[in-house]
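Data block below; observations after.
The values are calculated or read from the model by the stated rules, or taken from the named source; none is laboratory data. These numbers come from a predicted model, not from an experiment. Don't worry about glycine lacking a Cβ; one is built from the backbone with ideal geometry, like all the others, and counts go over all protein chains shown.
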Amino acid sequence: MSQTNADSLEQALEQHRHEWVEKLFELGRELKRDKAGLVGVMLITALVLMAVFAPYIAPHDPTDQDLTARLAPPVWYEKGTLKHILGTDHLGRDVLSRTIHGARVSLWVGAAVVLLAGGFGVVMGLMAGYLGGRTDAFVMRWVDTQVAFPGLLLALIILAVIGPSLTTVVVVLALNGWMVYGRMTRSAVLSIRQSPYVEAAEVVGCRWPRVIFRHILPNLTSPLLTLGILEFARIVLAEAALSFLGLGIQPPATSWGLDVAMGKNYMFMAWWLVTIPGCAIAVTVLAINLVASWLRLISDPQEREKQFARHMAGAMRKKMHATIKKELEAP
Amino acid sequence: MGRFIYRRLIHGLIVIMGVTIIVFVVTRMVGDPVQVMLPLESTLEQRAAFEKKLGLDRPIHIQFVDFMANIVRLDFGESLWQKRPAMDIVFEKLPMTILLTAVGIGFACVVAIPMGIIAALRPGGVVDRITVFVSLLGLSVPQFWLGLLFIVLFAVQFKILPTSGAATPAHIIMPALTMGLPTLARLVMLVRSSMIDELNQQYVKTSFAKGLPFVRVVGIHALRNAGLPIMTLVGWEVIRSLAGYSVVVETVFAWPGIGLTAIQAIERDDLILIQAIVFTAAVCVVVINIFMDFVYKLIDPRLKLT
């Protein structure tokens, strides 16, 4: 008896795993249809790999100074060498290695801030939307008030007083950005809290933490994922701007924003110092935005329907053309 | 209506109070203001005298009451860096930021609304796809970098525009462009998506069917109904820029506005000037928010103001 039970459990698990893999494949097929989304996903994968394996990929240490090769131009110039493919900065540090290492800071700050701000905002929004009453009033007043704050100025001051570092940048950006998640989660909870499965969970006797985390939260995954990715793009830009202003990541650490700020003084002699880290930021943010807009398309049923219709129309048109061609060729 | 104004004003006051309290706490409690403001080599007597001058030797709650009372009189004290009343400096710099914001966002609106409408006329078409991609690109380029590229291109290569400062009208072109482009990108996306929704409505078909001219249907009927989210975004962009996001552009082009002053005050540890600037920014945000609510009411009379 127990043997068969275990067997059926295994079978169920197997089937579940199968479904999961199937879903992943379906996502991949859908990705192939959207070229922009595919490019975005590929770029992000490359960036993440680059950030993770930065010390193995980068040809030099990002802080190694080579004062004999200061402001060396990229390799395609006459004076450029293969030793420094993208040239060096005013202290002779390798631009390529700094750019590769810069990906670490940007992605790390982005991920940490989205997790922190998203976690806090989502919990607040869930509580406000589900519990209602005073909790709701309190949280929403708080959100309204903080949204009306001059956020960046306060962030700059707090960073200046506490002292800028990786941790303070993450904390300040998270404190500044949790409200979006709170608002969106709350409105989503309000629209599904009357649905039968939530009521069923209540009738069965679940306490509110279980209802909101086990029953409501999983159903908010796709809008929250899209928002999180969009926020990620915003945070990467914000970190770059803070570092550019000198109130973000501090040397000797490397960050793209910091590199642009340092290259600014040598802009007219060595354009690559400003251009290359700037391009890195732009490409990263563009890739994230492409993925976000693709996700928004596939998570919106209406859009999916439209896409499906377009796909079918395209297929029919092709078929029609083929038959017409065939008829013309063989009269 | 009266009740609405009352509630909004109270909320605005809470926001301003909140901001000033945060600034007060951050500047008094987290760091020792004297240590931040005086040079390291100052003597103990100098420190004591300085504390006395700023009233920092008194208990913290009395300092707080004093601080709030002074704010009501718009008196923050003398800037430590420029040795004149902090509010004078703010009132001198604020118009420059407002000018930059107005030109930058005005430019964004003038370009983005026609662009968005044209893209929305044939969603999925070539023009639409190019517009969407260009706006995504505009959203992804960091503002400070865009500014530097403009300087290299227009000031160094072509030598047609001045690099920095605000001496002549030509000086505003590059900062305003830099400020406006991300706004432009966001606005195009929004105009496009709300116009697509609006153009699919029944009343648009009716208007076409009864023979109204194309420009009238799209430009007046549909655009007006799509106007609310567009206005919200424009208002939000103005708020953002006055609430400190102009810092980046102003730093790149040395535009003598409130953002550049804020950064300079932070660099020089001039806490008094910083307090004045943050307070002013908070007031600006609150005032624009209330103003925007009235604009909504004008655009859409169905809205209930609560």
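Values as computed for the structure displayed
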item: Qualifying positions in segment B:100-110 - buried (at least 16 other Cβ atoms within 10 Å of the Cβ) and of a type in the set (A, V, I, L, M); result: B:Leu100, B:Val103, B:Ile105, B:Ala108
item: Single residue of A:Phe244, A:Phe232 found to be within 10 Å of another protein chain (Cβ to nearest Cβ) and at pLDDT 85 or above; result: A:Phe244
item: Lone unmet requirement of (1) in a helix (DSSP H, G or I); (2) farther than 24 Å from B:Gly18 by Cα for B:Phe279; result: (2)
item: Condition check for B:Pro85: without any contact (Cβ under 8 Å) to a residue 24 or more places away in the chain and either touching a strand residue (DSSP E or B) at 6+ places or on another chain (Cβ under 9 Å) or not small (Gly, Ala, Ser) (or both); result: yes
item: Some residue of segment B:246-254 being buried (at least 23 other Cβ atoms within 10 Å of the Cβ), among the charged types (D, E, K, R) and within 14 Å of chain A (Cβ to nearest Cβ); result: yes
item: Which listed residue, of B:Ala282, B:Ala222, B:Ala265, is in contact with a Gly (Cβ under 9 Å, 6 or more places away or on another chain) and surrounded by 19 or more Cβ atoms within 10 Å (Cβ to Cβ); result: B:Ala282
item: Given (1) under 25 Å from A:Phe244 (Cβ atoms); (2) within 13 Å of chain B (Cβ to nearest Cβ); (3) of a type outside the set (S, T, N, Q), number of the condition A:Val169 does not satisfy; result: (2)
item: Subset of segment B:262-272 (residues that are assigned to a helix (DSSP H, G or I) and either within 11 Å of another protein chain (Cβ to nearest Cβ) or touching a strand residue (DSSP E or B) at 6+ places or on another chain (Cβ under 9 Å) (or both)); result: B:Ala262, B:Ile263, B:Ala265, B:Ile266, B:Glu267, B:Leu271, B:Ile272
item: Total residues in segment A:175-223, condition of a type in the set (D, E, K, R) and under 30 Å from A:Leu154 (Cα atoms); result: 2
item: Enumeration of residues in segment B:234-259 that are over 13 Å from the mean Cα position of the chain (by Cα) and not aromatic (Phe, Trp, Tyr); result: B:Thr251, B:Val252, B:Ala254, B:Pro256
item: Residue within segment A:248-257 that is in a helix (DSSP H, G or I), touching a residue at least 40 places away in the same chain (Cβ under 8 Å) and assigned by TED's automatic domain parsing to the domain that holds A:Asp64 present; result: yes
